1. In whole Å, how far is the Cα centre of region 143-159 from that of region 429-485?
2. Tell me the Kirkwood hydrodynamic radius of region 405-448 in angstroms, computed as one over the mean inverse distance between distinct C-alpha pairs.
3. Report ³J(HN,Hα) in whole Hz for each residue of region 543-550, in order, from the Karplus equation J = 6.51 cos²θ - 1.76 cosθ + 1.60 where θ = phi - 60°; Gly and Pro get x.
4. Show me 487-495, 213-221, 380-388, 304-312 ranked by packing, highest mean number of other Cβ atoms within 10 Å first.
5. Determine, for each peptide in 170-182, 350-362, the mean count of other beta carbons within 10 angstrom over its residues, then list the peptides with the highest first.
6. Using Cα centres only, tell me the gap between region 322-393 and region 240-300 in whole Å.
7. Along the charge dipole of the chain, Cβ charges K/R +1 and D/E -1, which of 54, 286, 31 sits furthest on the positive end?
8. Just check region 331-453 against the gyration tensor rule for me: Cα atoms, a ≥ b ≥ c as the square roots of the eigenvalues, rounded for a/c under 1.5, and otherwise prolate or oblate depending on whether a/b exceeds b/c.
Amino acid sequence: MHDADTILQHLQQRIGAEALHQQKTVDEILTVWVSKEKIVSAIQFLKMEIPQPFKMLYDLCGIDERNRNRYNGLPMADFTVVYVLFSFEQNCFIRLKVALRGEFPAVPSITSIFKNANWYEREVYDMFGIRFEGHPHLTRILMPLTWQGHPLRKEHPARATEMGPFQLWDEKQDREQEALRFKPEEWGMQEHGDDADFMFLNIGPQHPGTHGVLRIILQLNGEDIVDAVPEIGFHHRGAEKMAERQSWHTYIPYTDRIDYLGGVMNNLAYLLAVEKLAGIELPDRAIVIRVMLCELFRIASHLVWFGTFAQDLGQLSPVFYMFTDREKIFDIVEAICGGRMHPNWFRIGGVAQDLPNGWDTLVKRFVDHFPARLREYEKMVIRNSLFKARTKGIGIYTLEEAIEWGVTGPGLRACGLEWDWRKKQPYGGYERFDFEIPIAQNGDCFDRALVRVEEMRQSLRIVEQCLQNMPAGDYKSSHPLTTPPMKKYTMQDIETLITHFLNVSWGPVIPAGEAMSCIEATKGANSYYCISDGNTAAYRVRIRTPSFPHMQMVPYISKGYTVSDLLSILGSIDFVLADIDR
């Protein structure tokens, strides 16, 4: 494990102690403010020169600090840019912050150091108006090019009622249509090669192969992909903006809609950060209930991926069989939670209700039923010669490339790295369970499929352990900031009645501070970075999703392959558009 003091000493020696300011955070991640002039050299040092370097740019985001009044000796800032790096060798994060002053500040780009900084910097520019000097193509990424303002700035409206009614007059429609026209020269693309004219092909945003509203513009030489430009943002709903106007507990249902195939797993990532801020510890029963539901949703999500991946490559039957088994999981989820795809069932400090009578019979039935079905699916799809021909040796990337682009989850494990956040940085009680981390070696579409299939078996092992070892006791914490007290106790004393009333109406007041969670979601590493200024709503919530960096890598791993190979590559990544766009 890491030694924060040693890392800080290395940084001070490299860029000078006067350019650094350490901040203590609730999550105990080493957090250092770095001057704008020194940020590039600091990041370069951490990636290239320090022992056991920080090879992955895990996240990069912005904060509008202008409405905040709790500086506590920290550098004064109108805006902050936050860089989160990760070292696999040290198994630790480091968070660097740059304080910026002024209405529309600028900071040097780090795209020359980390390839995946490109999209992250574009997002910060799009949302906050912060410019990155030296960025190769600093344009909007989530909002339309014609959008006025920067949505995550505090002065930008948060509700439709704060704006006038939408109108689409002829001139505006013409302007919007023109903005959608792809101009190759803006992306440094040539229309003519040495011996051929290139063709530009739009795939999406309405195309079954893109699994949602995604547009990819391909530059083709015949059938071969010369370059690709993904256009995202069609599914952007302002999830991070919503967090600033919802109370801490009324925001929980919004998280369900991020990776909308991951169900309660989205709740978990958010709630772990909130519970860190509030200092809430869960009873054993609540911990095991949460793990069981998360692993059932991992299997459900992987079944959707497996069936649709086979369908993308020409097999029609598997998707019907696998969706039938997914329905069996949803029957369990519905019996326990009342909802199916978006159950919105986890709460601050536990879960909404205790398990119903008969839950164990339903779970046992599925645990007994599924292994034989999974073997059948493997035989039907994985061993199919056409499936192998369409996936083996396609969309390859190495372990070094995966880390450089911010790949996590099955995509990283398919490159041979045995890395799973449930094992390496256990959270939410996963250290109590016995399971393996499946890996493969070739980093191609086929190996990514192998890893996910084996992951379903391991998830089933965890579910079975939950079934056999479900603790007795409470299903939620008794901490005053957790879910409201039991209704039956509210008539016994005035303090309980007031706590219940305030928790239901305003929600809890979470202590000031900041904390980041990191979970092994269905598609990779998912984090919520929550900042509280001691109020009933978050000051800032940053959602780091796995699909965003994965989609950014698509052009890199598609070049030289054919259009039909692109569908294999997209399917093997297992992205969700709401997970990309938020």
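Just so it is clear, none of the values below were taken in a lab; they were calculated from the coordinates. Please read all numbers here as calculations on a predicted model, not as lab measurements. Don't worry about glycine lacking a Cβ; one is built from the backbone with ideal geometry, like all the others, and counts go over all protein chains shown.
1. Taking the Cα centre of each part, region 143-159 and region 429-485 sit 38 Å apart.
2. Numbers: mean 1/r = 0.0900 Å⁻¹.
Result for region 405-448, one decimal place: 11.1 Å.
3. Karplus-based 3J(HN,Hα) across region 543-550 equals 10, 9, 10, x, 5, 4, x, 5 Hz.
4. On the way: 487-495: 10.7, 213-221: 19.9, 380-388: 15.2, 304-312: 22.6.
Going from most to least packed, we get 304-312, 213-221, 380-388, 487-495.
5. Numbers: 170-182: 10.4, 350-362: 15.5.
Put in order of decreasing packing, that is 350-362, 170-182.
6. Answer, in whole Å: 19.
7. Value computed over the given set: 286.
8. Values: a/c = 2.51, a/b = 1.52, b/c = 1.66.
Since a/c reaches 1.5 but b/c is at least a/b, the shape of region 331-453 is classed as oblate.
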